[in-house]
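Asks: Dumping the structure here so I can ask a few things about it.
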Amino acid sequence: MGCSQEGEVEAKKEEKIKLGREKASIASYCAAAVSEEHDSLAPSFARVPLGMVFATQIRFWGSQAAPEQSTSDGLTVDGILASNWTILDENEGDWKSHATAVAQSIHLIKRRLQWRKLIVRLNMLSAELNKPDLWDDPVHAGKISREHGSLQGKMKEVNALEQELLEHIDMIKLAREENDEDLESESVKALLNMRRNSKEKELEALLAGEQDLYSCYIEVQAGAGGTESMDWAAMVMQMYKSWAQRRGYKVTVVEEMPGEIAGIKRATIKVDGDYAFGYAKAEVGVHRLVRISPFDSNKRRHTSFAAVAVTPILGDASAHVQINESDLRIERFRSGGPGGQHANTTESAVRIVHIPTGITATCQNERSQHQNKASAMAVLQSRLDQLEMARQAHLNAQHTQSLTDITWGSQIRSYVLHPYRMVKDLRTNYEVSDPDSVLEGDLDGFILSYLSACLDKDEDGA
Amino acid sequence: MKLSLGSLYRPSRFPLLLKSYPISRSRRSFCVSSLSSPETSLKPQIPLFLRPPIYSTTLSDLRKWHDWAESLASSVGSTFEKSDNGPDSSLLCRELKWLLEDAVEDHTLVSQMGVENDRRVRMRAHVDELYNLWKQRIQERRPFQYVVGCEHWRDLVLSVQEGVLIPRPETERIVDFVSDVVSKDQELKRGVWADLGTGSGALGIGISRILGSEGRVIATDLSRVAIAVASYNVHRYGLKDIIEIREGSWFEPLKGLEGKLAGLVSNPPYIPSKDISGLQAEVGRHEPRVALDGGVDGMDALLHLCDGAALMLKPGGFFAFETNGEQHCRALVDYMENNKSGSFCNFEIIPDFAGIERFVTGFHGKAI
Ligand SMILES: C[S@@+](CC[C@H](N)C(=O)[O-])C[C@H]1O[C@@H](n2cnc3c(N)ncnc32)[C@H](O)[C@@H]1O
């Protein structure tokens with residue numbers, strides 16, 4: 001008797017698993033077909049008669065969004081959210097709470113990726129890719145197909161998350177029906193893993209902008225107010241250096257113009273590492289300090305300002321603006337006297353002026369003039385790239401302002417050391433009552449809350 | 001047939017070179033021992049950043065030295081600057097940072113130079129020596145580059161020491177000119193180039209790296225210290241097969257190459273003799289006079305180089321000279337146009353980044 005029952009259970013389980021697998025493989029087949037076709041589009045186009053390509057592509061590009069996925073008993077991700085299961089601590093080992101946490105993450109990720117817009121855009125790009133004359137303009141075609149590939153990848157990743165979540169739930173339900181404790185605990189463990197990893201994925205979704213992945217320059221400039229505000233600018237710069245080091249980025253000072261008595265008039269650092277721009281862009285704007293100035297013998301309270309600009313360093317060489325040598329004027333930064341053999345100096349800073357735009361870049365950190373010039377050129381390149389990006393995409397809210405664009409009115413954060421102690425972000429109202437830790441580089445709270453606020457306010461995105 | 005011709009020609013490519021090339025023979029030491037008798041042989045000094053880290057000190061002792069050095073630098077204010085256009089304290093503080101970079105093995109530890117830190121760091125010089133070195137820098141105005149034994153020039157770090165001129169940032173441009181010229185003319189790229197009065201070897205090395213493995217550069221100097229230092233730098237950059245260092249006055253070591261040079265560059269001494277006494281202390285008190293003094297009007301060597309260039313360059317060959325400024329540039333072009341009429345063409349006077357007309361370049365006319 002036991003035998004027959006067991007046999008039945010086995011069969012049922014197998015069937016379930018098969019069902020799940022089939023579902024999975026259908027979904028992944030669709031995705032694979034799309035991506036394969038996409039990858040081979042460029043070369044195949046030349047070889048295959050136009051009409052044929054057109055036809056095959058319609059078939060593949062037609063099915064963009066996967067149909068809503070569900071468990072064998074019809075539970076969907078939205079369904080999980082609607083159930084309002086309480087979320088308990090991770091250690092509670094309650095599958096419903098794990099599932100709900102993951103479902104919430106998926107929901108948040110979709111919102112951050114602006115899911116609906118993403119699908120619309122993806123359909124648009126697919127239509128574009130289907131045009132028979134697409135590759136007449138290879139640069140444009142390359143751009144379209146790159147963007148399509150990247151959005152497609154994001155969509156696939158989210159779909160895979162949903163599918164994985166539902167499969168685990170199926171398994172747990174099955175295991176319960178069959179009193180299979182091993183299977184149950186294994187599946188709950190898998191859900192817990194998902195729950196832990198999904199936090200990371202939420203963060204990644206915050207940094208999905210085109211330039212987010214790149215390294216960047218951070219520039220700080222002191223506002224009016226003499227030594228007190230130059231000292232503030234130096235504090236702000238120090239805050240970013242520490243922040244970047246904490247995150248494991250490599251920091252190099254590119255340029256630094258010290259104040260006469262203390263602090264800096266302006267300075268630029270280079271922050272090297274993945275997503276440096278994605279995070280640092282949240283810092284663009286004017287930072288305000290209120291304190292009793294150590295430079296005021298009458299111990300009065302002062303308010304000072306420092307402006308921050310952030311420029312991405314584009315990794316893709318083809319994205320760079322072409323610079324003509326003849327448009328440049330290169331000057332020694334500090335010169336005077338007859339120079340040449342007459343002078344011994346370790347000062348070899350140069351300033352490069354791009355004559356048509358008036359944009360300048362200086363580097364004085366390197367030990368040879370040649371290297372200073374090379375670094376200054378790299379800064380200039382990024383500034384010109386940024387200008388071009390802003391010109392092309394003034395509708396695109398992602399681009400950051402250059403220092404000259406930042407008006408001293410656009411305050412983003414206020415640091416008060418007296419009469420009370422607090423740092424408050426004026427955009428998100430996120431606040432911290434320990435200014436010292438913030439000035440020592442503990443900025444992630446501010447940055448993440450700003451980035452999420454930016455994306456999450458777009459309620460209809462999901 | 002072709003092969004045997006090629007191998008036949010190769011030895012005769014540098015007729016003089018084989019006879020007087022001392023460096024390839026002394027493989028083990030790159031001081032030019034074979035040039036001079038053993039007792040006068042010169043061993044080049046090793047720059048600080050290349051010395052072995054055999055010393056050690058605590059971070060707090062290092063910090064003590066650093067604080068002392070910093071206050072010494074600050075006490076200078078702008079007095080040097082006012083007296084002879086020397087460095088002010090902000091420049092000196094940056095030099096201090098670089099000195100630390102060169103002296104401490106693991107530079108990342110410097111940021112932890114706390115007051116009460118007993119952690120030890122490995123050093124390339126004893127702390128006592130650092131006190132000495134910094135005193136020399138401030139009190140004797142010894143050039144920073146001699147203190148650390150190197151100068152960062154273009155993308156190179158060249159060894160320098162007393163007796164050899166510290167290469168100037170202005171001079172870097174000459175390598176750019178050569179780079180432009182050879183990128184347009186492959187034949188010049190494959191030819192023989194000369195750097196006369198090479199000092200630390202800066203121009204010769206810079207140019208070799210532009211020419212690549214097909215190029216040949218002969219760098220000459222009269223000064224024995226320069227020969228030793230240049231040879232050391234050539235060795236460090238693994239360019240022994242491309243550059244040859246020869247001792248002698250101007251064109252003397254180039255006998256047999258008349259009409260054969262693809263290019264000639266030089267930054268000869270060009271300061272008028274009367275200006276030597278008023279030079280910035282770092283230069284006047286510490287750098288070799290033979291590297292600076294260009295005679296009454298500073299043009300002695302430059303004119304001699306023009307005469308020689310007409311003789312040594314092949315048709316279409318390129319030359320670039322550094323000068324004392326606008327007056328020199330004009331006078332040089334005048335001289336070449338009037339006294340060497342027809343032998344040179346396409347003169348250009350090019351300013352340095354401070355806007356001072358600094359360089360004269362041109363080509364040897366096709367017809368001699
Ligand atoms: C101004 S330094 C230039 C050194 C090096 N080319 C540079 O740019 O750093 C001039 C050099 O010419 C060398 N010199 C002076 N008189 C010379 C001569 N008669 N023949 C060859 N070299 C000479 C000096 O020893 C010195 O190294």
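Only the coordinates and a few stated rules stand behind these numbers; no lab work does. Note that the structure is a prediction, hence the values are computed from the model and not measured. No Cβ is skipped: glycine too gets one built from the backbone with ideal geometry, and neighbour counts run over all protein chains shown.
Asks: Within the P(r) computed for the range A:210-462, what percentage of the Cα pairs occupies the region above 30 Å?
Replies: 30 percent
Asks: Mind sorting B:E247, A:E90 by how few other Cβ atoms lie within 10 Å of their own Cβ, fewest first?
Replies: Lowest count first: A:E90, B:E247.
Asks: Let me ask another. Determine Rg/Rh for the range B:169-364; Rg is computed over alpha-carbon atoms and Rh is the Kirkwood hydrodynamic estimate from the same atoms.
Replies: 0.94
Asks: For the range B:55-120, which trypsin sites (Lys or Arg not before Pro) are in a loop by DSSP, counting at most 13 other Cβ atoms within 10 Å?
Replies: The qualifying sites are B:R119.
Asks: Set the Förster radius R0 to 45 Å, insert the Cβ-Cβ distance between A:K199 and B:S56 as r into 1/(1 + (r/R0)^6), and round the FRET efficiency to 0.05.
Replies: 0.50
Asks: If you project the alpha carbons of the range B:48-148 onto the principal axes, what extent comes out on each, in Å, largest first?
Replies: Principal-axis extents of the range B:48-148 (Cα, largest first): 41, 28, 20 Å.
Asks: Can you list which of the GluC sites (Glu not before Pro) found in the range B:91-156 are DSSP loop residues with at most 16 other C-beta atoms within 10 Å?
Replies: Answer in residue order: B:E105, B:E116, B:E140.
Asks: Taking the range B:86-243 on its own, what percent of its Cα-Cα pair distances exceed 25 Å?
Replies: It works out to 42 percent of all Cα pairs.
Asks: Compute the Rg/Rh shape ratio of the range A:162-273: radius of gyration over Kirkwood radius, all on alpha-carbon atoms.
Replies: So for the range A:162-273, dividing Rg by the Kirkwood Rh gives 1.38.
Asks: Hey, what did chain B get for relative contact order, percent, Cα under 8 Å, at least 6 apart?
Replies: Normalised by residue count, the contact order of chain B is 14 percent.
Asks: Kindly state, to the nearest 0.05, the FRET efficiency for A:K143 paired with B:S341, given R0 = 51 Å and r defined as their beta-carbon distance.
Replies: Once the sixth-power term is evaluated, E becomes 0.30.
Asks: With r as the distance between the Cβ atoms of B:S183 and B:N117 and R0 = 60 Å, compute the FRET efficiency 1/(1 + (r/R0)^6) and round to 0.05.
Replies: After rounding to 0.05, the efficiency reads 0.70.
Asks: Which value, in Å³ per residue, describes the convex hull spanned by the Cα atoms of the range B:228-276?
Replies: 132 Å³
Asks: Going 7 Å from the Cα of A:L417 along its beta-carbon direction, which residues of the range A:211-232 have the amide nitrogen within less than 18 Å of the resulting point?
Replies: A:221-232
Asks: Also, I was wondering about something else. What percentages, rounded to whole numbers, describe P(r) for chain B computed over all alpha carbon pairs with 10 Å bin width beginning at zero?
Replies: Going out from 0 Å in 10 Å bins, chain B shows 5, 22, 29, 23, 14, 6, 1, 0 percent.
Asks: Only counting other Cβ atoms within 10 Å, I'd like A:S83, A:S297, A:S368 sorted with the fewest neighbours first.
Replies: Arranged by neighbour count, lowest to highest, A:S83, A:S297, A:S368 become A:S297, A:S83, A:S368.
Asks: Something else now. Under the definition of Cα pairs under 8 Å and six or more residues apart, what whole-number percent is the relative contact order of the range B:48-148?
Replies: Computed value for the range B:48-148: 43 percent relative contact order.
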